[in-house]
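Some notes on the structure that comes next.
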Amino acid sequence: MKKIIAVVIALVLTLSLAAAASADVVYRTLDEIKASGTINIGVFSDKNPFGYVDENGEYQGYDVYFARRIAEDLGVELNFVSTEAANRVEYLETGKVDIILANFTVTPERAEKVDFALPYMNVALGVVSPDSRVITDLSELTADDQVIVISGTTAEDYLIKNNPEIRLQKYDTYANAKNALENGNAAAWANDNTEVIAYALQNEGYTVGIPSLGSQDTIAPAVSKGNETLLSWINDEIKALAGEQFFHKDYEATLTETYGLDYEDSLVLEGGGLVE
């Protein structure tokens with residue numbers, strides 16, 4: 001009898017542990033996504049030219065172009081989920097999205113919470129400011145100056161860590177950050193250099209006085225921590241797409257109007273940087 005009771009207790013404990021482990025899993029595996037017929041991909045809706053909604057209500061941009069190819073090659077429908085910089089990690093941790101494609105810079109801190117696939121773009125930080133007072137070095141900022149950042153971005157993290165003396169003006173959306181700069185609420189705006197370069201090219205009266213701040217980083221797709229089947233598929237997809245120079249085509253279709261061709265080879269990464 002004692003042996004039977006011990007076996008029952010062990011079985012109950014095993015089932016309880018299995019249930020607890022299952023409850024911690026928020027993601028859908030590759031097979032589950034295929035079986036559902038739909039994939040949920042988080043992209044920006046207000047960050048032209050990388051992810052935005054056009055005048056017809058359609059998603060467009062560099063990340064959106066890639067998202068559509070992912071869905072096509074998986075053979076499933078695509079559901080765009082509008083995301084902001086500050087909730088990219090949260091959306092993966094809660095299973096709201098299967099993949100984040102929203103100019104997600106790879107950092108060690110983020111890699112502790114999500115799994116990054118191979119990168120598809122190079123990026124650094126940059127600072128844009130009005131032509132009336134172009135900031136070419138952070139040392140030019142006074143104690144009265146403020147710098148605009150988007151909450152949850154690498155620009156915010158970098159300035160807090162390396163320049164804690166600089167007063168930050170934080171916004172949740174890119175639209176609000178741009179409005180603040182244009183209204184003269186701050187001396188400058190720090191963000192991905194791709195974003196500030198695009199802003200200066202599209203808006204007369206602004207100059208990227210600091211085109212590269214901090215280290216050179218990469219942008220990559222991200223999935224929920226532990227979602228190995230989906231991560232492996234994305235890595236294989238990125239390597240396979242190198243054979244057709246997919247991300248160069250993506251750049252030429254979505255970014256050339258903003259940047260021209262001069263930045264193409266410096267920004268685009270094919271095959272995760274593993275394929276020449």
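What about GLU237, is it in the same structural domain as ILE39 (by TED's automatic domain parsing), in contact with a Lys or Arg (Cβ under 9 Å, 6 or more places away or on another chain), charged (D, E, K, R) and under 25 Å from ASP115 (Cβ atoms)? Against the criterion (in the same structural domain as ILE39 (by TED's automatic domain parsing), in contact with a Lys or Arg (Cβ under 9 Å, 6 or more places away or on another chain), charged (D, E, K, R) and under 25 Å from ASP115 (Cβ atoms)), GLU237 qualifies.
Of all residue pairs spaced 6 or more apart or on separate chains, those with beta-carbon atoms under 6 Å, a first member in the stretch 72-99 that is among the aliphatic types (A, V, I, L, M) and a second member that is assigned to a helix (DSSP H, G or I) and surrounded by fewer than 21 Cβ atoms within 10 Å (Cβ to Cβ) are LEU78/ALA71. Evaluate the following for ASP24: is it at pLDDT 95 or above and over 17 Å from the mean Cα position of the chain (by Cα)? No, not satisfied.
Looking at (1) out of contact with any Pro (no Cβ under 8 Å at 6 or more places or on another chain); (2) surrounded by 14 or more Cβ atoms within 10 Å (Cβ to Cβ); (3) farther than 19 Å from ASP73 by Cβ, can you tell me which one GLY271 breaks? Condition (3) is where GLY271 drops out. If I filter the stretch 99-114 for residues that are of a type in the set (Asp, Glu) and either buried (at least 18 other Cβ atoms within 10 Å of the Cβ) or more than 19 Å from the chain's Cα centre (by Cα) (or both), do I get at least one hit? Within the stretch 99-114, not a single residue is of a type in the set (Asp, Glu) and either buried (at least 18 other Cβ atoms within 10 Å of the Cβ) or more than 19 Å from the chain's Cα centre (by Cα) (or both). Under the condition of being outside any strand (DSSP E or B) and crowded, with 22+ Cβ neighbours inside 10 Å, the residues counted in the stretch 125-155 number 4. The residue list ASN122, ASN79, ASN87 contains one member that is under 30 Å from GLU58 (Cβ atoms) and not in a strand (DSSP E or B), which is ASN87. So, in the stretch 185-236, how many residues would count as being hydroxyl-bearing (Ser, Thr, Tyr), part of a helix (DSSP H, G or I) and over 16 Å from the mean Cα position of the chain (by Cα)? Result for the stretch 185-236: 3. Is it the case, given these coordinates, that ILE238 is closer than 27 Å to VAL53 by Cβ, touching a Gly at 6+ places or on another chain (Cβ under 9 Å) and of a type outside the set (Gly, Ala, Ser)? Criteria met by ILE238.
When every residue of the stretch 34-55 is checked against the conditions, at least one turns out to be touching a Lys or Arg at 6+ places or on another chain (Cβ under 8 Å), assigned by TED's automatic domain parsing to the domain that holds ASN235, assigned to a helix (DSSP H, G or I) and among the hydroxyl-bearing types (Ser, Thr, Tyr).
Being hydrophobic (A, V, I, L, M, F, W, C) and buried (at least 20 other Cβ atoms within 10 Å of the Cβ) holds for only one residue in ALA198, ALA180, ALA175, and it is ALA198. Scanning the stretch 156-188 for residues that are of a type in the set (A, V, I, L, M, F, W, C) and over 23 Å from GLU109 (Cα atoms) yields ALA175, ALA177, ALA180, LEU181, ALA186, ALA187, ALA188.
The values are calculated or read from the model by the stated rules, or taken from the named source; none is laboratory data. Nothing here was measured: the structure is a model prediction, and the numbers come from that model. Cβ sites come from the backbone with ideal geometry, for glycine too, and all protein chains shown count toward neighbours.
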